[in-house]
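Q: Below are the structure tokens for one structure; questions will follow.
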Amino acid sequence: MDEASEYIRPLERLSRSDEPTFGGKSANLGELLAADIPVPPGFAISTAAFRAFVNDAGLEDRINGALAGLSVGDVEAIGRASRAIGEAMRFAPIPESVRGQIAEHYVKLGGADTPVAVRSSAVGEDSQDATFAGQQETYLWVRGVEHVCDAVRDCWVSLYSAPAISYRLRLGATGEPPAMGVTVQLMVDADVSGVMFTCNPVSGDPSMVAINASWGLGLAVVGGEVTPDDYLVSKVTREVVREHVHDKDVQYVPDAGGSGAVRAAVPDERRAVRCLDQPAIERLVEIARRIERYFASHQDIEWAVPRGDPDHVFIVQTRPVTAVANKPSKPKPESAMSLIMSTFGAGPRAN
């Protein structure tokens, strides 16, 4: 089978062995589907498509030249390199062979105007040894083939964001050049969304599930515009052992006029109301336990409850918990929110 025939693969045909070719996010979603976890349907774009883009546009020398001689502490030089690479990539065309396959699979998801989430899936992104969370991008509520292709290109560009370059320098990454896969999934019109950890992210207690939730899409949490409700729940009894309900005054909802999400005020009667009732919490805990058992490790999971369908939960991402691994001392209490913000990341990657 030639490389071009593997530019695209449905998520249900992926497994962990495909991580080097399609990236960690896409591979993990394939595993979730194999475990009968509810995941929005979609497809994955391989690193071969990224390489075809770089090669066809003659970008390799420009990328290597911009990265040459960079050091970890030189923030200004890293920023200049990131901007130079980004400008070159954004003006480069996607190869027709790649564009054609993206268009074909996108239309199969539901039509020419179907809203999707386009998510970066970098190789090594969601591993036990490293996490690139928040360093690459996710684009929500993307409609139309041209906008999807633009979002795919922007995901590729984010492989060379300043934080991503700095992180690889700190890791001392050597060997193969970095590579980026992309995940394209049907969009969940989330009434409530958030993250959950299959352990207490502060203490590491494995008997707990920590859930964070806010109204709408997760972008308000990403930008620090809202403090999400948080629940600490026993895996065994499903009892909520700790609950903090916060005033959530902003949310992000689909742009009624086209692609993307827009900032909106939360109605007054919902602002101070808990996002999740007990049945919803129990459903989330049960799914968290199933995912943890399947991967045999603590997981950091992104989820969404669809608008108008409160009895269902979709999982849009999972990765190993790395933030509490090998902690030499007890974290400070305020580190919980830091962990949550790290999970959501600096860019719009939430549901």
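Q: From Gly73, Gly58, grab the single residue that is at positive phi and not in a helix (DSSP H, G or I). Don't jump to the end; show me each part of the working.
A: Working: Gly73 fails: at positive phi.
When all the criteria are applied, what remains is Gly58.
Q: Please find, within region 245-284, the residue that is farthest from Val226 (Cα to Cα) out of those that are modelled with pLDDT of 95 or more and in contact with a Leu (Cβ under 8 Å, 6 or more places away or on another chain).
A: Per the stated criteria, the residue is Leu284.
Q: Related question: If only one of Val192, Val157, Val233 is surrounded by 22 or more Cβ atoms within 10 Å (Cβ to Cβ) and within 19 Å of the chain's Cα centre (by Cα), which one is it? Outline the logic, then answer.
A: On the way: Val157 fails: surrounded by 22 or more Cβ atoms within 10 Å (Cβ to Cβ); Val233 fails: within 19 Å of the chain's Cα centre (by Cα).
Unique residue meeting the criteria: Val192.
Q: Could you look through region 41-93, keep only residues that are among the polar types (S, T, N, Q) and under 30 Å from Val107 (Cα atoms), and pick out the one that is surrounded by the most Cβ atoms within 10 Å (Cβ to Cβ)?
A: Initial filter on region 41-93 (among the polar types (S, T, N, Q)): 46-47, 55, 64, 71, 82.
In the following step, the residues that additionally are under 30 Å from Val107 (Cα atoms) were identified as 46-47, 55.
Working: Ser46: 27, Thr47: 24, Asn55: 11.
If we take residues in region 41-93 being among the polar types (S, T, N, Q) and under 30 Å from Val107 (Cα atoms), then Ser46 is surrounded by the most Cβ atoms within 10 Å (Cβ to Cβ).
Q: While we're looking at this one, here's another question. Can you tell me which residues in region 94-117 are small (Gly, Ala, Ser) and exposed (fewer than 12 other Cβ atoms within 10 Å of the Cβ)? Before the answer, list the steps.
A: As a first pass, look at region 94-117 and keep what is small (Gly, Ala, Ser): 97, 100, 103, 110-112, 117.
Once the filter is applied, which keeps residues that are small (Gly, Ala, Ser) and exposed (fewer than 12 other Cβ atoms within 10 Å of the Cβ), region 94-117 yields Gly111, Ala112.
Q: Residues being of a type outside the set (Asp, Glu) and farther than 15 Å from Ala112 by Cα: count how many of those fall in region 137-161. It would help to see each step written out before you state the result.
A: Applying the first criterion (of a type outside the set (Asp, Glu)) to region 137-161 yields 138-145, 147-149, 151-153, 155-161.
Still in the list and also farther than 15 Å from Ala112 by Cα: 138-140, 151-153, 155-161.
Looking only at that region, the number is 13.
Q: Kindly list, by first and then second residue, each pair from a residue in region 205-230 that is in a loop (DSSP other than H, G, I, E, B) to a residue that is surrounded by fewer than 24 Cβ atoms within 10 Å (Cβ to Cβ) and of a type in the set (Ser, Thr, Tyr), limited to pairs with Cβ atoms under 9 Å and residues at least 6 apart or on different chains.
A: The qualifying pairs are Ser207/Ser234.
Q: I'm trying to understand the selection: among the residues of region 145-182, which are part of a helix (DSSP H, G or I) and without any contact (Cβ under 8 Å) to a residue 12 or more places away in the chain?
A: Step one: list which residues in region 145-182 are part of a helix (DSSP H, G or I), which gives 145-158, 162-171.
Passing the criteria: Glu146, Asp150, Arg168.
Q: What number goes with the only condition from (1) under 24 Å from the mean Cα position of the chain (by Cα); (2) outside any strand (DSSP E or B) that Phe43 does not pass?
A: Exception for Phe43: condition (2).
Q: Whether any residue in region 166-174 is under 18 Å from the mean Cα position of the chain (by Cα) and either outside the structural domain of Gln299 (by TED's automatic domain parsing) or surrounded by fewer than 24 Cβ atoms within 10 Å (Cβ to Cβ) (or both) is what I want to check. First the steps, then the outcome.
A: First, the residues of region 166-174 that are under 18 Å from the mean Cα position of the chain (by Cα): 167.
Checking the rest, the ones that are also either outside the structural domain of Gln299 (by TED's automatic domain parsing) or surrounded by fewer than 24 Cβ atoms within 10 Å (Cβ to Cβ) (or both) come to 167.
Yes; the residues of region 166-174 include at least one that is under 18 Å from the mean Cα position of the chain (by Cα) and either outside the structural domain of Gln299 (by TED's automatic domain parsing) or surrounded by fewer than 24 Cβ atoms within 10 Å (Cβ to Cβ) (or both).
Q: Return the pair list, or none, for Cβ contacts closer than 6 Å from residues in region 89-103 that are more than 10 Å from Cys149 (Cβ to Cβ) and assigned by TED's automatic domain parsing to the domain that holds Phe50 to residues that are surrounded by 13 or more Cβ atoms within 10 Å (Cβ to Cβ) and of a type in the set (Asp, Glu), at least 6 apart or on different chains.
A: Pairs that qualify, where the first residue is more than 10 Å from Cys149 (Cβ to Cβ) and assigned by TED's automatic domain parsing to the domain that holds Phe50 and the partner is surrounded by 13 or more Cβ atoms within 10 Å (Cβ to Cβ) and of a type in the set (Asp, Glu), are Pro95/Asp56.
Q: Within region 215-229, track down each residue that is at pLDDT 95 or above and either surrounded by fewer than 24 Cβ atoms within 10 Å (Cβ to Cβ) or among the polar types (S, T, N, Q) (or both).
A: The one that is at pLDDT 95 or above and either surrounded by fewer than 24 Cβ atoms within 10 Å (Cβ to Cβ) or among the polar types (S, T, N, Q) (or both): Asp229.
The values are calculated or read from the model by the stated rules, or taken from the named source; none is laboratory data. Note that this is a predicted model, so its numbers are computed, not measured. For neighbour counting, all protein chains shown are included, and Cβ atoms are generated from backbone atoms with ideal geometry for every residue, glycine included.
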